[in-house]
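**Q** Before I ask anything, let me first share the structure, which is written out below as structure tokens.
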Amino acid sequence: MNPFVIISGLSGAGHSTVLRAFEDMGYQAIDNIPLKYLSDLPDIYELPVAVSIDTRTIDFDPQLFIQSLNNVKKKREDAHFIFLECEESILLRRYKQSRRPHPLGEKGLVEALKSEFEVMRPLRHHANHIIDTSHRTIEQTTLWLRENFSTEKSPRLILQLTSFSYHYGIPPEADIVLDGRFLQNPFYIDTLKEQDGRDHDVQEYLKKDPNFSTFVDNALNLIKISLDGFRKRGRSYVTIACGCTGGKHRSVFLIETFSKLIQDDGIVLKTYHKQLSPHL
């Protein structure tokens, strides 16, 4: 199945959110393409495609849009048209918060919203799906899209496991942070000081800590529960960071341990040791 999805509707109703969700699902995402090219896209792409078109498009014309939509549906039986709408009061609030100009804003925001509604009204009647984002969260919209448009080519959850040193601060991208400083520190053992958590002697030393196995078991359970929840919420990228004082022994071995224990076909696993690869 290679769906071809066209997204349109009111400006400020969530075009960027919806297009980004499709991109995360493995679709070729195309934003604001000139209407005259829309009918040709099914001939160019055989993979899943999501195209967002609204009044920002140069020379946007409702009748040309409908004509192009019909042409696409003739070429692709799996073509869908999603129309996004939202209550005027909420659109007003969103525009005031973002401070971005409306595409039809020459006469003021309120008039622009009313004008756009009239321009887009004919399109609404041709929609396969109408999504009112007035009271939907981004998460709710994303989950609905995944439930209805996910494909076998949708990317698996990308899990980044990162070790770090508390001396340099917690990585800002971390979703979950684990602290390995409670373990015995190999740094104070002369024969281990110059090694790191990837070395056998350091690993054997840390395994002898009476708290090591218990911590790993409990942390692994926490990670599995969290990842399951993240996937259900539509997340596509999660970072788990583990820190220690220097970022070279304890945190490195813990990350290496978790990378071996997390076995899941639905996850793309990546590891990165900040203090062992400071140049990256």
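**Q** Can you give me the C-alpha center-to-center distance between segment 170-200 and segment 100-142, rounded to a whole angstrom?
**A** Centre-to-centre (Cα) distance: 52 Å.
**Q** With the dipole of the chain worked out from charges on the C-beta (+1 for Lys and Arg, -1 for Asp and Glu) around the Cα centre, which of Q67, Q160, I53 lies farthest toward the positive end?
**A** My answer, from the dipole projection, is I53.
**Q** Please report, in debye to the nearest 20, how large the charge dipole of segment 37-194 is about its Cα centre when each Lys and Arg carries +1 at its beta carbon and each Asp and Glu carries -1 there. Present the calculation step by step, with values, prior to reporting the outcome.
**A** Numbers: 20 positive and 24 negative charges, 57 e Å.
The dipole of segment 37-194 has a size of about 280 debye.
**Q** Distance from a point 7 Å along Cα→Cβ of I58 to each backbone N in segment 27-52: keep the residues under 19 Å and list them by number.
**A** 30-41, 52
**Q** Using modelled amide H (1.01 Å from N, peptide plane; none on Pro or chain starts), what sits under 5 Å from the amide H of C242, excluding residues fewer than 5 places away?
**A** The answer is T162, S163, F164, L178.
**Q** I need the GluC sites (Glu not before Pro) found in segment 140-207, filtered to DSSP loop residues with at most 15 other beta carbons within 10 Å of theirs.
**A** Here the GluC sites (Glu not before Pro) that fit, given the DSSP loop and packing criteria, are E152, E173, E194.
**Q** Take the alpha-carbon centre of segment 233-263, take the same for segment 51-65, and report the distance between them in whole Å.
**A** 46 Å
**Q** Same structure again: Could you tell me the calculated FRET efficiency between D199 and S16, based on Cβ-Cβ distance and R0 = 41 angstrom, to the nearest 0.05?
**A** 0.30
**Q** Under 30 Å between alpha carbons, and skipping anything fewer than 8 positions from K224 in its own chain: which lysines qualify?
**A** Straight-line reach from K224, under 30 Å: K153, K207, K208, K232, K248, K260, K270, K274.
**Q** At R0 = 35 Å, how high is the FRET efficiency between I66 and Q97 if r is their beta carbon distance? Nearest 0.05 is fine.
**A** 0.60
**Q** A further question on this structure: For D24, what charge total do you get from the other residues with a beta carbon under 10 Å from its beta carbon, if Lys and Arg give +1 and Asp and Glu give -1?
**A** Here the count lands on +2.
**Q** How much length is gained on full extension from K74 to I33, taking 0.36 nm per residue of separation minus their Cα-Cα distance?
**A** Stretched fully, the K74-I33 segment lengthens by 12.8 nm.
**Q** Do you know the relative contact order of the chain, to the nearest whole percent, from alpha carbon pairs under 8 angstrom that are 6+ apart?
**A** 21 percent
**Q** How much accessible area per residue does the chain have, in Å², with a 1.4 Å probe? If you can, show how the numbers build up before the last one.
**A** On the way: 15080 Å² over 280 residues.
For the chain, the per-residue accessible area is 54 Å².
**Q** Something else now. Can you give the extra length, in nm with one decimal, that the chain gains between T245 and D132 once fully stretched, where that is 0.36 nm per residue apart less the Cα-Cα distance?
**A** Here the answer is 35.7 nm.
**Q** Could you tell me what percent of the accessible area of the chain is made up of carbon and sulfur, with a 1.4 Å probe and every protein chain present?
**A** Working: 7300 of 15080 Å².
Carbon and sulfur atoms account for 48 percent of the accessible area of the chain.
**Q** Also, quick follow-up: List the trypsin sites (Lys or Arg not before Pro) within segment 184-277 that fall in a DSSP loop (any state other than H, G, I, E or B) and whose Cβ has at most 10 other Cβ atoms within 10 Å.
**A** Sites meeting the loop and neighbour criteria: K208.
**Q** Rounded, prolate or oblate: which fits segment 43-146 when a ≥ b ≥ c are the square roots of the eigenvalues of the alpha-carbon gyration tensor, with rounded for a/c under 1.5 and prolate only if a/b beats b/c?
**A** oblate
**Q** Need one number: nm distance between label points at V177 and L276, each 7 Å from Cα along Cα→Cβ, rounded to one decimal.
**A** According to this spin-label approximation, the distance is 2.2 nm.
The values are calculated or read from the model by the stated rules, or taken from the named source; none is laboratory data. These numbers come from a predicted model, not from an experiment. Counting neighbours? That spans all protein chains shown, and the Cβs are built from the backbone with ideal geometry, glycine included. Calculation scope for accessible area: heavy atoms of the full protein, side chains included, ligands and nucleic acids excluded. Shrake-Rupley method; radii C 1.70, N 1.55, O 1.52, S 1.80 Å.
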